[in-house]
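The structure appears below as structure tokens.
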């Protein structure tokens, strides 16, 4: 591999990293504009209208669908989340009351023990009750802190959405010109190869996003069905919370289920605790079975390569690496296929 090719690959990797971080609203706008390009072309052909009109119509319809979805579905979920947060102090008080009742009801047992042993047992119980109460209080404060953090992020999300929508319109208006301008950076003999790499990358990124949405949707349906079977309050909100936490690989669904089921066992709700444990096991097995296969099929690489690239990307640069890792594998394969990247290792005999 020549020095020029190595520099080009390094600059490309830096550009992709920038798009997946600071420039993410523009990357998302580019992906949606590419996704809407076929409807735009169809409207231009069948309705015989200009590109500006067709792009504006497609982007407006997409924006209306997104806003309508969040209004109808998001309103219900947010209302359940608010009710859940309002009842959180009650859950904490119930847990503390349970521990206090357990301590007091064990008084008869202490009377049968030697005085020194009984005092030690009482002190141990009181210290553990206090520790558990402090931990529960810490969990409650963390929930409120997270809610406050989400509230603070809302203005940033609004700015992100506005920038994304404006970028979507502008990119959709000028997508063919932007594509041609990028190809003009390369010499005539390399343009067809670069175009082939871009097409592979486009299919892979769209496939990856679709695969992630599909996995999250299937996990949400499975979680919601389990919570409904267990007759849990606020199933829509809790299932959404579990999906949002599951996106973060450091935490996963266990970050929600484990404290919850431990609380259920402590307060004596053994049936719900066992049900949550079974649901957790089912979800974890389900995710581990379908995730590599769905992502591998969607982006055009085998399941092992998808799993290794996602793990390596996450270990190197964090959450962004979960997407960037498979993308780099796709770019590498595409460049090898069209001859832009040649690596031949020769071992002297």
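Pull up the stretch 249-285, narrow it to residues that are touching a residue at least 60 places away in the same chain (Cβ under 8 Å) and either more than 16 Å from the chain's Cα centre (by Cα) or farther than 23 Å from residue 322 by Cα (or both), then point me to the one that is surrounded by the fewest Cβ atoms within 10 Å (Cβ to Cβ).
Residue satisfying both the conditions and the ranking: 268.
Considering only the stretch 186-208, I want to know if a residue exists there that is in a loop (DSSP other than H, G, I, E, B) and either in contact with a helix residue (DSSP H, G or I) (Cβ under 9 Å, 6 or more places away or on another chain) or under 30 Å from residue 334 (Cα atoms) (or both).
The answer is yes, given that some residue of the stretch 186-208 is in a loop (DSSP other than H, G, I, E, B) and either in contact with a helix residue (DSSP H, G or I) (Cβ under 9 Å, 6 or more places away or on another chain) or under 30 Å from residue 334 (Cα atoms) (or both).
Yes/no matrix, rows are residues, columns are (1) in contact (Cβ under 8 Å) with a residue 24 or more places away in the chain; (2) more than 25 Å from the chain's Cα centre (by Cα):
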| position | (1), (2) |
| --- | --- |
| 177 | no, yes |
| 203 | yes, no |
| 209 | yes, no |
| 212 | yes, no |
| 220 | no, no |
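Considering only residues that are modelled with pLDDT of 75 or more and over 18 Å from residue 31 (Cβ atoms), which ones fall in the stretch 311-328?
311, 312, 313, 314, 315, 316
Out of the residues in the stretch 330-344 that are closer than 17 Å to residue 7 by Cα and either modelled with pLDDT of 75 or more or assigned to a helix (DSSP H, G or I) (or both), which is farthest from the chain's Cα centre (by Cα)?
This residue is 336.
Take residue 168 and tell me if it is more than 16 Å from residue 283 (Cα to Cα), surrounded by 18 or more Cβ atoms within 10 Å (Cβ to Cβ) and over 19 Å from the mean Cα position of the chain (by Cα).
yes
The values are calculated or read from the model by the stated rules, or taken from the named source; none is laboratory data. Everything numeric in this text was worked out from a predicted model, so none of it was measured. A quick note on method: Cβ atoms are made from the backbone with ideal geometry, for glycine too, and the neighbour counts reach across all protein chains shown.
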